[in-house]
Amino acid sequence: MAEFEQEGGVTRDDLVQRVALMEAMIAEGRQYTGRNSWIFVLWGLVDLTAWAWQNYSPHFGGRWAWPICLAAGVVLTFVGKMLQKSDKGYSRSGVCSRVMSVWGMMGLAMGTYVASAMWTHFDWQFSYIAGLLMMLGMAHAISAMLLRWRIQGLVAAVYWAGGVAIFVCNSWRATNAIMLFEMGVVMILFGLYAMWREPNGSGCKGERA
Amino acid sequence: MTNMEREDGTTRDDLVQRVALMEAMIAEGRQTTVRFGWIFLLWGLIDLVGVGWDELQPDFRWVWPITISAGFVLQFIILALRRKGGYRCGGSMRGRSVAAVWRMMGLTVLLYVVAAIVQHKAGQISYIAAILMFVGMAHAISAVILRWWAQGLVAGVWLAGGVATFFVPRSYVLGVFIAEMCLGMVLFGLYAMWLERRSGAQGE
């Protein structure tokens, strides 16, 4: 195809280069998500552990199941991130930073929401649990739009559907089942899928356009 | 200063150019938010009207569905009028990222609010706190992307409101909600509109 010049003096090669750059940045962002997807698996396991502890051993400090498991999850996440950062050649593009800011701010908002609700004993309300799922759905949806990632968009929709379903079902039995499915199964499955997608753990290093 | 070459062949001029490009992208992203500052003002006023109406007619169940629907209609009308006037959403990746944050926040809040209202759960403390947290989270993400401390402050106000909702006595929750609407919506919207006007005047 002949190289044509546009009104602004932008050639076809320039446009192709820009599109390639954008695609490389988006791919880098997905790899970043893949490299950090162990966090999804970790939090899925944390939630499952807390749920099982509360439901199957309620007399063995069941009241403290969630606070202890969540605190352990935060500590494990920080330790894992520190170990990951010590890996040489760790670099981030603009899209990686944006995806990181989405999850970082979701962590901040969810942390304050959960801690406040637990402290004041409002964590039994349906709207509290629905709010958690909606918040997760929102973070997944923003990330999916930044990374043009259909699968993550689907995950966002599953979380939103879970949040709406909690209100619609309006029963503790259904809420428990939805919570278990969303926080355990969906979180772990997406984490494993993202880990599998990441090509040989190469991450962002040395692949900048 | 000399134009020294580094190990990887990147010159000082290259670095200066890259920093300038990043700054230009951040400024463009902020401009996108500022251009839509009227939406914050609109929704702040809409919510205040809803709260006032709800106080006057507490038995009328359709207050919030009518108010929220009116908000959407007004927003679409104003958007259409502004598009006719030549306004366009920012085309940079950062501008689109910020737009994605607000669109997904809007969708999240809409789904949550509709489901809660239909099932009569809109009176729960966690419901109000969650809404404040959603908006705070969106402001916080946008503030980090745009490196905008003023918006970060607004995010802090929203998150603090969400926390306060759990801790204050029930009779004060409405006060927290009104304060959030005034500070986080109306005031921030006016600030953004003032920034837009100022940048417009500088452009001329």
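Rule-based calculations on the coordinates, nothing more; no lab input. Just so we're clear, the structure is a prediction, and the values are computed from it rather than from any experiment. As a convention, Cβ positions derive from the backbone with ideal geometry for all residues, glycine included, and neighbour counts pool all protein chains shown.
Let me confirm one metric for peptide A:161-172, namely the mean number of other chain beta-carbon atoms within 10 Å of its residues' beta-carbons. Intermediate results must be reported in sequence, preceding the final value.
Working: counts 1, 0, 6, 7, 1, 4, 12, 3, 1, 3, 0, 0.
If you average over the peptide's residues, the count of other-chain Cβ atoms is 3.
Axis angle, to the nearest 10 degrees, between helix A:65-85 and the longest C-alpha principal axis of chain A: 30 degrees. Overall, the anisotropy analysis places chain A in the prolate class: the square-rooted eigenvalues a ≥ b ≥ c of its C-alpha gyration tensor yield a/c not less than 1.5, with a/b exceeding b/c.
Dividing the convex hull volume of the Cα atoms of the protein assembly as shown by its residue count, what figure in Å³ per residue is obtained? Can you show the working numbers first?
Values: hull volume 77.3 nm³, N = 413.
It is 187 Å³ per residue.
Remark: segment A:16-32, residue by residue, has Karplus-estimated 3J(HN,Hα) of 4, 5, 5, 4, 4, 5, 5, 5, 5, 5, 5, 4, 5, x, 5, 5, 4 Hz, where x stands for each Gly or Pro and the curve is 6.51 cos²θ - 1.76 cosθ + 1.60 at θ = phi - 60°.
What does the charge add up to near residue A:69, with Lys and Arg as +1, Asp and Glu as -1, over the other residues with Cβ less than 15 Å from its Cβ?
Values: positive: A:63; negative: A:47, A:123.
Cβ neighbours under 15 Å give a net charge of -1.
By how many degrees, 0 to 90 and rounded to 10, does the Cα axis of helix B:188-203 deviate from the longest principal axis of chain B? That works out to roughly 30 degrees. Across segment A:99-173, Cα-Cα distances exceeding 22 Å account for 28% of all pairs.
Against the main long axis of the alpha-carbon atoms of chain B, helix B:63-84 sits at an angle near 30°. Dimensions of chain B from C-alpha coordinates, computed as largest minus smallest value along each principal axis and given longest first, are 74, 41, 27 Å.
Assuming 0.36 nm per residue, please report the length gained on full extension of the stretch residue A:82 to residue A:148 beyond their Cα-Cα distance.
On the way: separation 66, 0.36 × 66 = 23.76 nm, distance 2.83 nm.
Extra length available between residue A:82 and residue A:148 comes to 20.9 nm.
With the helix formula -39500 (n - 2.57) applied to DSSP H stretches of n ≥ 4, chain A reaches a computed 222 nm mean residue ellipticity of -24500 deg cm²/dmol. Loop-located trypsin sites (Lys or Arg not before Pro) in segment B:93-165 (DSSP state other than H, G, I, E, B) with a sparse environment of at most 15 neighbouring Cβ atoms within 10 Å: B:147.
In terms of other Cβ atoms within 10 Å, B:171, B:142 run from fewest to most in the order B:171, B:142. Computed 3J(HN,Hα) for segment B:155-165, one whole-Hz value per residue from the Karplus formula 6.51 cos²θ - 1.76 cosθ + 1.60 where θ = phi - 60°, is 4, x, 5, 5, 5, 4, x, x, 5, 4, 4, glycine and proline marked x.
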